[in-house]
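The values are calculated or read from the model by the stated rules, or taken from the named source; none is laboratory data. It should be emphasised that the depicted structure is a prediction, and the values quoted were computed from it without experimental measurement. Cβ placement follows ideal geometry from the backbone for every residue including glycine, while neighbour counts extend to all protein chains displayed.
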Amino acid sequence: MGEPTFGVLGSLQVRVGGAPVRVGGPKPRAVLATLLLQPSGFVSVDVLTEVLWPGGAPRSAVANVRTYVRSLRQALSAAGVPTDGLRTEPSGYALEVAPGDVDMTLFEDLLSRARADADRGDDESALRGYEAALGLWRGGVLQDLPPSVVWDPAVTRIEELRSLAVDRCLEVRLRLGEYAPLVAELRSRLAQDPLREDLWRMLVHALHDSGRASEARAAYAEAEQTLAAELGVEPSAPLRAVGDAINGYVGRRRTPALGPVCQLPMDVPDFTGRAEEVGVLERLLSTAGRQPVVAVVSGPPGSGKSTLTVHVAHRVREAFPDGQLYVDLGGLSDQPRDPADVLAEMLRGLGVIDSAVPAELGERAALFRSRLAQRRFLLVLDDAAGGAQVGPLLPGTGGSAVLVSSRRRMPALPAFHTRLGVLTPEDARALLGAIVGTDRLRAERSEADRVLAGCGSLPLAVRIAGSRLANRPGWTVGALADFLHDERGRLDQLQTGELEVRASAELSYRHLPESAARAFRVFGELADEALPGWLVAVATGRAETAAGGLETLLDEHLVEVVGTDRLGLQRYRIHDLLRCYAQELTDAEGPGVRRRRRLRVLDALIALARCANEAMPTRFLGVLGEPVAPAGPARALADTVRARPVEWLETERRVLVAAVESALRDGHVAHAADLAIELAGFFDMRGYYGDWLRTHRLVLDAMRAPSPGPTPYDPTPPAPTRTSPPRTPPTTKLPTTTPPPRTPTSPTTPPHAPAGPPSYGDAPSDTRAAALLRNLGQLHLYQDRYDDALDAFETSRALFAALGHRSGEAVAAVGSGSVYRVVGRLDDALGAFADALRGFGEAGDRHGGAVAHNAVASVWLERRDPDAAAPWLADALELSRELGDRHREAQVRRRIAVLHELRGEPQAAHGELERALGIFDELADAHCAAYVQQSVGELCLRQGNARKASALLVDALAVQQQLGDRRAEASVACLLGELHSTTGREHTARRYFHRSLSTWRRLEVRDQAEAVHAKLRSLR
């Protein structure tokens, strides 16, 4: 077995060929550790930020994370560790590694094999497996790095597996008769943990079987004394059985003073899953000794709280030999049970006659506590109404334990609290199989997964669905899945006999105060996403009571907090089936109420999106509407949104996209258009091309459709600056090498360009439509659909011209010019850029002026004329810096780097690219940063620095592939082919050349394809 490349079971280590590899300072090492704790899994930038800066991240955190990943990639590549598996994904990273490459996953694999050997009865193979697995441990997990709460779940899990492996190894050695070393090791472990009955049992067993009978009896006596002194209990049944055997009185009966009482209901015969919760509760209840233990199991309707508590009670009943009491407290009935009545019932169960039961609640509670003080009872209190009902029913001293189930949280109760959620996919599938039959399920596995999705893995729903299938052998699993597909009728399908999901949800809903009921109904109206509290408040229209309503829903487990977003606000989610019930309730409210609610939400989202867009660190797309001050609960969020616009847009992206679609369904086309336009710049910055294309096309399609009638909407698009007839792009004198003089003007509108479906001849004549088309043109340009891009830009340009909107017309002209430049029509590009330059000047748009100057320079650079490009770049840089437009400054510096390269000044070019990369990293613009990385990598390649070039280009390739920029992907793949060719790795070079060639051929760029093909032929 070879040594793993990566190690976390001890200090963090990377080894290649037996030699250690240094991977940088504390921050890159922490990044690597986080990725290794979740091998081949996605790790978000937010998670890495929490690990690196637990006390609060700096503003440059995203850029710093990117830098650490880049340095990590470079260090691994330099040491010969393949870095293709270190993938850059949207908003995070993943490290693909084989199981044998990380000591943690290798440990789990060896442990699994050892367990399998033990189950087959091959103890010798099992022992070798356990010892090999434990031999991988060099100390505590990541013992040389500062701990992180982010790592705690993974670290706890693997350390528990280590503890389990040690125990299993001891048991195997006991079965194999390795008594002498085993006795020494068991005594050592008992010195550290003297309350482990399983270790005492093995020690007594080993001493007895090795012929040391007197020592075995002494060890058992010591165990009895230790447990009595520390816990006030006698040994459990397994240890007692070993003690009875060595003391020679097997079969002796120990009769408690009071006959055992067992009131537990029957355990569910097909109980499935919940292994973690069952294990936690069993371990907790087993600690009852000098003091009682109370455990509360709470959760949403249908989560199986009662089933779990009864199941656990049956599993631990032997630990409570004096008896088990069970009471249904009727918490959600019309009349929850009075604690005094419950105490009287339990006292009778303990043998107290009716005449001896006190009249007062306090006296009954005192007598109950006295009866339990010297005994070990298990109390199961099902369906509790709240802490006030449960408090008087708790024991005060002794070794008893209490299991409580409730839909409500009871934080004031002195108890261990377990929240029960939905089943894991595996457990849900196992439960369905136990009811329906595994053969039937196996034959229709994909359809069974659809059924489970419709049930939301809620145990009650899964049980009902399984029962319906079991009672209808003629049904296919797919038929039930189809019935459950429709949200509006889903609850009708989830009922059988006395089981009904709707009734279970209704029991909780009817006890809610009005503020909480109103908030609950809102979840049936809004997007099926985790929602912030302020949005719920907007929808209810009652900001002053919304927070209290949400807290009540949390206490009732009707919603759950699923985390804190980037702005530090809690996010709330409702289970899918509860959401179906909430939809039924909203349907009963009437269309007028629902329409007003959705409009309130839409107005708030548009206002906040404009706040964010105005404050964006980059000026990309969009003709911005007039600023509108957010109203109601959104007003308090406005300053936060302005301070952190990208974080807010990222947090609410799915809600915002869903709002565009919802607005179109309601016929609010103008609202939908305004929101889509405000989102385009953010989509561009983060590369969310699917959302960009979908929102814009949906709105444009709705604009072309006949309108059902006007919808009132106050915010209006920007007023035209002048009127002029529609026109086609004019023939313009090409810009000379000297830029025209700049006149001081005030900034107005941002730059960039658009796109849309293949034909735009029937586009509506509206400023919103023009902006949407311009934005779509830019997207088509990014994704190499040049004809579509030019069609969209030119249609947008004509619409803006007809509306007299000079700045919008100029931005569309820049888009057309960009298409011309990419396809090699450089004269046409200069003509379009000249039109744009004149339009920006007339509109007083200095941001646009910076764009146009940079665009003209790009054509001269394409013609390899740095002297002609220089004055245009100087003006573009000066304008960008005057305006504080850092993104535009970075774009200009990319062009200046090309200028230096053309002049044979590689060091100056490298410096400009590093400055540009720093700005893009700080602005979290992954797309533009990838372009700059490509340029830096290409420069390093030409300067002979293959290692740095490889790390940069691999990272850039991953980003471009994720963003769908095929032209950039083909270029970077070709560069990587050249890199590996020059370093003698022809097989890898050939793979990258093939990738580049196939991409160029799909794009139908024949000259580039032929150039790459020639490079391939040269390798043969």
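Of all residues in segment 188-227, those that are loosely packed, with under 14 Cβ neighbours inside 10 Å and of a type in the set (Ser, Thr, Tyr) total 2. The residue that is surrounded by the most Cβ atoms within 10 Å (Cβ to Cβ), counting only those in segment 633-669 that are over 22 Å from the mean Cα position of the chain (by Cα) and at pLDDT 90 or above, is Ala663. In this structure, Gly92 qualifies as over 24 Å from Arg22 (Cβ atoms) and in the same structural domain as Val31 (by TED's automatic domain parsing).
Residues checked against (1) farther than 13 Å from Ser148 by Cβ; (2) surrounded by 15 or more Cβ atoms within 10 Å (Cβ to Cβ):
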| position | (1), (2) |
| --- | --- |
| Val8 | no, yes |
| Val14 | yes, yes |
| Pro20 | yes, no |
| Ala30 | no, yes |
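Scanning segment 280-294 for any residue that is at pLDDT below 85, at positive phi, surrounded by 20 or more Cβ atoms within 10 Å (Cβ to Cβ) and not charged (D, E, K, R) turns up nothing.
Against the test of being out of contact with any Ser or Thr (no Cβ under 9 Å at 6 or more places or on another chain), assigned by TED's automatic domain parsing to the domain that holds Arg768 and touching a residue at least 24 places away in the same chain (Cβ under 8 Å), the options Leu803, Leu826 yield a single qualifying residue, Leu826. The single residue among Val8, Val97, Val81, Val102 that is in contact with a helix residue (DSSP H, G or I) (Cβ under 7 Å, 6 or more places away or on another chain) and closer than 22 Å to Val954 by Cβ turns out to be Val102.
Looking at Gly841, Gly824, which one is more than 40 Å from the chain's Cα centre (by Cα), part of a loop (DSSP other than H, G, I, E, B) and farther than 22 Å from Ala769 by Cβ? Every option except Gly824 fails the conditions. Residues that are of a type outside the set (Phe, Trp, Tyr) and buried (at least 21 other Cβ atoms within 10 Å of the Cβ) within segment 867-876 comprise Ala869, Leu873, Asp875, Ala876, listed in sequence order. Are any residues in segment 95-141 part of a helix (DSSP H, G or I), among the acidic types (Asp, Glu) and more than 27 Å from the chain's Cα centre (by Cα), and if so, which ones? If the condition is that a residue be part of a helix (DSSP H, G or I), among the acidic types (Asp, Glu) and more than 27 Å from the chain's Cα centre (by Cα), then Asp117, Asp119, Asp123, Glu124, Glu131 are the ones that fit. With (1) over 30 Å from the mean Cα position of the chain (by Cα); (2) buried (at least 22 other Cβ atoms within 10 Å of the Cβ); (3) assigned by TED's automatic domain parsing to the domain that holds Asp865; (4) within 22 Å of Asp684 (Cα to Cα) as the list, and Ser971 as the residue in question, which single condition is left unmet? Failed condition: (3).
Select, from Leu393, Leu413, Leu381, Leu350, the only residue that is touching a Ser or Thr at 6+ places or on another chain (Cβ under 9 Å) and either of a type in the set (Lys, Arg) or assigned by TED's automatic domain parsing to the domain that holds Val280 (or both). When all the criteria are applied, what remains is Leu381.
Remark: pairs (first residue in segment 982-1000, assigned by TED's automatic domain parsing to the domain that holds Leu1016 and surrounded by 20 or more Cβ atoms within 10 Å (Cβ to Cβ); second residue among the polar types (S, T, N, Q) and part of a helix (DSSP H, G or I); Cβ separation under 6 Å; 6+ apart in sequence or on different chains) = Ala989/Ser981; Trp1000/Gln1008.
Conditions (1) at pLDDT 90 or above; (2) surrounded by fewer than 14 Cβ atoms within 10 Å (Cβ to Cβ); (3) part of a helix (DSSP H, G or I), marked per residue:
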| position | (1), (2), (3) |
| --- | --- |
| Gln143 | no, yes, no |
| Val150 | no, no, no |
| Ala154 | no, no, yes |
| Leu164 | no, yes, yes |
| Val172 | no, no, yes |
| Ala180 | no, yes, yes |
| Val183 | no, no, yes |
| Leu186 | no, no, yes |
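On the basis of being in the same structural domain as Ser515 (by TED's automatic domain parsing), of a type in the set (Asp, Glu), at pLDDT below 85 and in contact with a Gly (Cβ under 8 Å, 6 or more places away or on another chain), does Glu551 make the cut? For Glu551, the condition - in the same structural domain as Ser515 (by TED's automatic domain parsing), of a type in the set (Asp, Glu), at pLDDT below 85 and in contact with a Gly (Cβ under 8 Å, 6 or more places away or on another chain) - is not met. For segment 370-399, a residue qualifies if it is within 19 Å of Leu329 (Cβ to Cβ) and modelled with pLDDT under 85, and exactly one does: Leu372.
For segment 400-453, a residue qualifies if it is part of a helix (DSSP H, G or I), of a type in the set (Gly, Ala, Ser) and farther than 25 Å from Leu558 by Cβ, and the qualifying residues are Ala430, Gly433, Ala434, Ala443, Ser446, Ala448. Among all positions in segment 571-583, there is at least one residue which is part of a helix (DSSP H, G or I) and either of a type in the set (Lys, Arg) or not assigned by TED's automatic domain parsing to the domain that holds Glu647 (or both). Does at least one position in segment 845-856 carry a residue that is surrounded by 24 or more Cβ atoms within 10 Å (Cβ to Cβ), touching a His at 6+ places or on another chain (Cβ under 9 Å) and part of a helix (DSSP H, G or I)? Yes: one or more hits. Within segment 23-57, being out of contact with any Leu (no Cβ under 9 Å at 6 or more places or on another chain), assigned to a loop (DSSP other than H, G, I, E, B) and at pLDDT below 85 holds for Gly25, Pro54, Gly55, Gly56, Ala57.
Of the residues making up segment 454-481, those that are touching a residue at least 12 places away in the same chain (Cβ under 8 Å), in a helix (DSSP H, G or I) and farther than 18 Å from Ala505 by Cβ are Gly466, Ser467, Arg468, Leu469, Ala470, Val477, Gly478, Leu480, Ala481. Residues in segment 903-918 that are modelled with pLDDT under 90 and under 14 Å from Arg864 (Cβ atoms): Gly904 only. Going residue by residue through segment 121-136, is there one that turns out to be modelled with pLDDT of 85 or more, within 20 Å of Leu32 (Cα to Cα) and crowded, with 17+ Cβ neighbours inside 10 Å? Yes, there is a match, as at least one residue in segment 121-136 is modelled with pLDDT of 85 or more, within 20 Å of Leu32 (Cα to Cα) and crowded, with 17+ Cβ neighbours inside 10 Å.
With respect to being in the same structural domain as Ser298 (by TED's automatic domain parsing), within 15 Å of Val380 (Cα to Cα), of a type outside the set (Asp, Glu) and part of a loop (DSSP other than H, G, I, E, B), Arg317 falls outside the description. When you check Ala384 against the structure, is it touching a Phe, Trp or Tyr at 6+ places or on another chain (Cβ under 6 Å), within 26 Å of Gly456 (Cβ to Cβ), in contact (Cβ under 8 Å) with a residue 24 or more places away in the chain and not charged (D, E, K, R), yes or no? So Ala384 fails the test.
When Arg364 is tested against (1) buried (at least 22 other Cβ atoms within 10 Å of the Cβ); (2) modelled with pLDDT under 85; (3) of a type outside the set (A, V, I, L, M, F, W, C); (4) on the phi < 0 side of the Ramachandran plot, only condition (2) is not met.
Scanning segment 571-590 for residues that are surrounded by fewer than 21 Cβ atoms within 10 Å (Cβ to Cβ), under 24 Å from Phe683 (Cα atoms), at pLDDT 80 or above and within 29 Å of the chain's Cα centre (by Cα) turns up at least one hit.
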